[in-house]
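Report on one structure; see the data block that follows.
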Amino acid sequence: MSLKTRVALTSQQTISRLELLSELLLTRLIASISKNLEKTLEKPICYMDSKVALYWILGPNKDWRPFVQHRVEEIVNSSTKLQALPRQGQPY
């Protein structure tokens, strides 16, 4: 079992940036688990419900600000596959 926690930054961050950080943390966790397992994980699938963060990651490659650009590059270069969470059954 693996567990990762992170406290939100003290500086003002938008919700979209915090959701991007959570996806980065998830991809790092998957990489760590895959590294420590004897079997390699074949293209794990991660689901996100943040449309803005998904657009940054899956959308056209643009010149984002450095904060977003560096995190998007690390997520894109990982072995995880990202998909949007289906909207059915969500309370909002």
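The values are calculated or read from the model by the stated rules, or taken from the named source; none is laboratory data. Everything numeric here is computed off the predicted structure, so don't read it as measured data. Backbone-built Cβ (ideal geometry, glycine too); neighbour counts: all protein chains shown.
Restricting to segment 34-90, name every residue that is part of a loop (DSSP other than H, G, I, E, B), hydroxyl-bearing (Ser, Thr, Tyr) and either without any contact (Cβ under 8 Å) to a residue 24 or more places away in the chain or in contact with a His (Cβ under 8 Å, 6 or more places away or on another chain) (or both). Lay out the reasoning, then the answer.
Step one: list which residues in segment 34-90 are part of a loop (DSSP other than H, G, I, E, B), which gives 37-44, 49-50, 59-65, 77-80, 85-90.
Still in the running and hydroxyl-bearing (Ser, Thr, Tyr): 40, 50, 78-80.
Result: Thr40, single match.
Within segment 8-38, which residues are acidic (Asp, Glu) and exposed (fewer than 13 other Cβ atoms within 10 Å of the Cβ)?
Glu38
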Leu41 fails exactly one of (1) surrounded by 10 or more Cβ atoms within 10 Å (Cβ to Cβ); (2) hydrophobic (A, V, I, L, M, F, W, C); (3) over 15 Å from Lys81 (Cβ atoms); (4) at pLDDT below 90, namely (3)
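Does at least one position in segment 80-90 carry a residue that is touching a Lys or Arg at 6+ places or on another chain (Cβ under 8 Å) and among the small types (Gly, Ala, Ser)? Before the answer, list the steps.
Narrowing segment 80-90 to residues touching a Lys or Arg at 6+ places or on another chain (Cβ under 8 Å): 80-81, 84.
From what is left, the residues that are among the small types (Gly, Ala, Ser) are 84.
The answer is yes; a qualifying residue exists.
Given the structure, is Thr27 touching a strand residue (DSSP E or B) at 6+ places or on another chain (Cβ under 9 Å) and at pLDDT 85 or above?
Numbers: touching a strand residue (DSSP E or B) at 6+ places or on another chain (Cβ under 9 Å): yes; at pLDDT 85 or above: yes.
Considered against the rule, which asks whether it is touching a strand residue (DSSP E or B) at 6+ places or on another chain (Cβ under 9 Å) and at pLDDT 85 or above, Thr27 comes out as yes.
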